[in-house]
Amino acid sequence: MWLTIAKRGAQGRYNDRHVFLGVLDTVMRVEDRMHQGKKITNMRYDVSYDEICTTLALHSPRSYTLLQAELGGRGLRSMQRIRAKNGQFKSGIHDTNFDSAAAWAKSFGWDGPFILATDDTKVVASAKRHFI
């Protein structure tokens, strides 16, 4: 199996499989660090693999924890810190939300129409329980 993967990789058959390559990169780097007796904290992860891990963790933290234990990846707390650092939209209708969304679209070179929507139901329900 390993020779087959190596041959196909050398032929470029996995060049468009960014998540797969990210998994391989992460597994090899985690194994290298552990073999050297180093911790796996503060590692940089492949962007494609990190994005798929973050998406999985948002849908099912328990499932992601199983995947992380087997393949490696960023911790749940690290993901939470990154999301908090990147900011979120304010609850309700605010000009800053529209400005942020427009800046985001412009950074990608998008000048067409798009929809801005947020789901504040859980935040508002939680706030009502604690503050009312």
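The values are calculated or read from the model by the stated rules, or taken from the named source; none is laboratory data. Given the structure is predicted, the values throughout are model-derived calculations rather than measurements. Positions of Cβ are generated from backbone atoms using ideal geometry, with glycine treated the same way; all protein chains shown enter the neighbour counts. Side chains included, ligands, DNA and RNA excluded: accessible areas come from the protein's heavy atoms. Shrake-Rupley method; radii C 1.70, N 1.55, O 1.52, S 1.80 Å.
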- Query: For segment 34-48, does any single residue satisfy the condition of being open to solvent by 40 Å² or more (accessible area, probe 1.4 Å), modelled with pLDDT of 90 or more and assigned to a helix (DSSP H, G or I)?
  - Reply: yes
- Query: What pairs come up if the first residue lies in segment 29-44 and is without any contact (Cβ under 8 Å) to a residue 12 or more places away in the chain and closer than 18 Å to residue 69 by Cβ, the second is outside any helix (DSSP H, G or I) and open to solvent by less than 100 Å² (accessible area, probe 1.4 Å), and their beta carbons are under 7 Å apart, counting only those six or more places apart or on different chains?
  - Reply: 33/40; 34/40
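Condition test on residue 56, is it more than 23 Å from residue 8 (Cβ to Cβ) and touching a helix residue (DSSP H, G or I) at 6+ places or on another chain (Cβ under 6 Å)? Outline the logic, then answer.
Values: more than 23 Å from residue 8 (Cβ to Cβ): yes; touching a helix residue (DSSP H, G or I) at 6+ places or on another chain (Cβ under 6 Å): yes.
Yes: the conditions hold for residue 56.
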- Task: Please give the number of the condition residue 24 fails out of (1) in a helix (DSSP H, G or I); (2) surrounded by fewer than 11 Cβ atoms within 10 Å (Cβ to Cβ).
- Result: (2)
- Task: Would you mind stating whether residue 99 is surrounded by 12 or more Cβ atoms within 10 Å (Cβ to Cβ) and either of a type in the set (D, E, K, R) or not in a loop (DSSP other than H, G, I, E, B) (or both)?
- Result: no
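Looking at 76, 56, 67, 71 in this structure, which one is surrounded by 13 or more Cβ atoms within 10 Å (Cβ to Cβ) and touching a Pro at 6+ places or on another chain (Cβ under 9 Å)? Spell out the reasoning first.
Numbers: 56 fails: touching a Pro at 6+ places or on another chain (Cβ under 9 Å); 67 fails: touching a Pro at 6+ places or on another chain (Cβ under 9 Å); 71 fails: touching a Pro at 6+ places or on another chain (Cβ under 9 Å).
When all the criteria are applied, what remains is 76.
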- Query: Which condition number does residue 119 fail, the rest of (1) surrounded by 12 or more Cβ atoms within 10 Å (Cβ to Cβ); (2) modelled with pLDDT under 80; (3) of a type in the set (Asp, Glu) being met?
  - Reply: (1)
- Message: Need the failing condition index for residue 111 against (1) loosely packed, with under 10 Cβ neighbours inside 10 Å; (2) at pLDDT 85 or above; (3) in a loop (DSSP other than H, G, I, E, B), just the number.
- Response: (2)
